[in-house]
Amino acid sequence: MERPDAEAPVIVVDKVSLAFDEKVVLKDVSFTLERGHTKVILGASGSGKSTILKIILGLLKPDGGSVFVNGERIDTMSETELMQVRMDLGMVFQEGALFDSLTVAENVGFKLYEESTMPPDEIRRRVEEVLGFIGLNDFIDRMPSELSGGQRRRVAIARAMAAKPGILLYDEATTGLDPITAITVDEEMVKLRDLENVSSIIVTHQLRDAFFVATREAVRRGDGYEIVAADARKCDEAEFIMLKEGVVAFEGNAAELRAAKDQYLRSFLS
Amino acid sequence: MFSLLDAWLKGAVLEVQEYVRLQIATIRGVFSRPFYFHDVVEQFEQIGIGSLTVVLLTGFFTGAVLALQTGITLDQFGARPFVGRLISASMVKELGPVLTGLMLAGRIGSGIAAELGSMVVTDQINALRALGTDPVRKLVVPRVLAGFFMAPVLTVISDTVGIIGGWLIAVFQLRVASSVYWTSVIDGLYLDDAWMGLAKPFCLGYVIVTIGCHVGLRASGGTQGVGRATTNAVVASSVAVIAVDFFVTRLMITLLY
């Protein structure tokens, strides 16, 4: 697929609405995601956060509005056309959604094995590389059932990044994890954004994880990396959206969110 | 009352529409790329080899019990030597295809619905789509091909062991000479019967697998939904086996006899 203009937003969601029967899930939701930036979507359960990701992936069609990914309008595309768009998208699902019958290596290399012409040896090297990136190289031949919850999420991240997508969507990637494991997953998101220049949308209701990703950055140190406090410019690149009953209730950076006076936002942040 | 009927009708029409759409997508998937050959081979093994034991046992005991029951009846007319003819005709034309179909509905239909249903409720189907793979081509097409081609093979095996089961009872219980039994088996079979017995399992295999896939892919509501889908798949495909058997028999009689 042709790479779009580096300056143009990678995702544009414009006045998207969706209802299931009588229940309105999203109403006139609009936002953009710039290349290499992070958009954090916050909201209570059932506020429509995950639905937005599914619409961006083309898994759901909106009732109204338009969605552009890498400059291409995707809400009017057929499933076959969407397959091409998804080549530059990766998604980490709630609970990981790993394929039970495949090993970690087969899960991580799935897209490359099934949908590319890359030789198996090269795929294996890429799988080892991404598993090394998330620190799970020793688990390469295990089955998903042999992994802990945190390891499953990290394998899901490895699977999403294996084909080197430009955009990663995280759906509650840290929900249900203990704080230490959640921080490990958060660090993977920061590393991918800052070291691999991956644009990301993070859906969560875990404020601690959202602020961690928004206020930290990964920098290279020799052969390794370090997670440090982000400078002001980097902090501005991470934008927050708060959804309330399918409507955007807030949009701004971490500092603006902390300073918000709105009663709902205050109760959510407290 | 009217709204309930309206909702039920809408639901029924939607199910039929989705079932037809799945079949169109499946047929398109068979004749276009990408084609997941490895998965097709795997499903041939799972559906074919995996169902062998149950089909062998069912076929054998059906033939055996048929010999026992018909032996008593035939005795009343002094026609015990014709037991082979009755068994071969019954097994090849009707019991082999239908019982194999019912066994496959229980084993394959339920397995497919449970597997695909679990994949739906754990987001694995969405993950497949997100990774750029069409679930119909990857999951449905291989199963449908395996069901379509392996059901006739399993039916022939079932017919064969059924006739062997009947032979054992005929020889050791009914005291019919082995040569008399086998001559009777061959006398009782006509080419048209063989065509009928072979045409049915193609249709039954296709129907069982497509129903299992359809019900599994439309599962919702967590593990409870998967259980419901599994039950629905077995019930629907079992009823479909009997119904399709009737219609194919009617059609074949019109065409062949």
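Side notes on the structure shown:
- Between the range A:111-146 and the range A:41-94, the Cα center-to-center distance that results, in Å: 26
- Using a probe of 1.4 angstrom and keeping all protein chains present, the accessible surface of the range B:36-256 works out to 43 square angstrom per residue.
- Length gained when the stretch B:His38-B:Tyr257 is fully extended (0.36 nm per residue, less Cα-Cα span): 74.7 nm
- Lys, Arg +1 and Asp, Glu -1 on Cβ, resulting dipole of chain B about Cα centre, debye, nearest 20: 240
- Ligands, DNA and RNA are left out, and with a 1.4 angstrom probe the accessible area of chain A is 44 Å² per residue.
- Considering only A:Asp21, A:Asp75, A:Asp194, the mean-square fluctuation computed in a Gaussian network model of chain A, springs between alpha carbons under 10 angstrom, is largest for A:Asp21.
- In the range B:168-257, inverting the average of 1/r over every pair of distinct C-alpha atoms gives 16.2 Å as the Kirkwood radius.
- Probe 1.4 Å - accessible area at A:Arg126, Å² to nearest ten: 20
- Candidates B:Gly96, B:Gly117, B:Gly165: whichever shows maximal mean-square fluctuation once chain B is modelled as a Gaussian network with Cα springs under 10 Å: B:Gly165
- Note: relative contact order over chain A, using C-alpha pairs below 8 Å and six or more positions apart, is 23 percent.
- Farthest toward the positive end of the dipole of the range B:178-257, out of B:Val215, B:Ser179, B:Leu251, is the Cα of B:Val215, where the dipole comes from beta carbon charges about the Cα centre.
- The lysines whose alpha-carbon is closer than 21 Å to the alpha-carbon of A:Lys27, local same-chain residues fewer than 8 away aside, are A:Lys15, A:Lys39, A:Lys49, A:Lys54, A:Lys61, A:Lys244.
- Per-residue ³J(HN,Hα) for the range B:59-64, Karplus 6.51 cos²θ - 1.76 cosθ + 1.60, θ = phi - 60°, Hz, x for Gly and Pro: x, 4, 6, 5, x, 5
- Taking chain B as a Gaussian network of alpha-carbon nodes connected by springs under 10 Å, the highest mean-square fluctuation of the residues B:Gly222, B:Gly101, B:Gly188 belongs to B:Gly222.
- Contact order relative to length of the range B:36-256, as percent, for alpha carbon pairs under 8 angstrom and 6 or more apart: 36
- Residues whose placed amide H lies under 5 Å from that of A:Arg35, excluding near-sequence neighbours: A:Val10
- When the protein assembly as shown is described by a simple charge dipole with +1 on each Lys and Arg Cβ and -1 on each Asp and Glu Cβ, the residue from B:Ala151, B:Ser90, A:Met189 located farthest towards its positive end is B:Ser90.
- Spherically averaged projected area in nm², based on the convex hull that wraps the Cα atoms of the range B:36-256: 13.3
- Accessible surface buried by the B/A pair amounts to about 1600 Å², both sides summed, 1.4 Å probe.
The values are calculated or read from the model by the stated rules, or taken from the named source; none is laboratory data. If you're wondering where the values come from, they're calculated on a predicted model, not measured in any experiment. For neighbour counting, all protein chains shown are included, and Cβ atoms are generated from backbone atoms with ideal geometry for every residue, glycine included. Note: areas computed on protein heavy atoms with side chains; ligands, DNA, RNA excluded. Shrake-Rupley method; radii C 1.70, N 1.55, O 1.52, S 1.80 Å.
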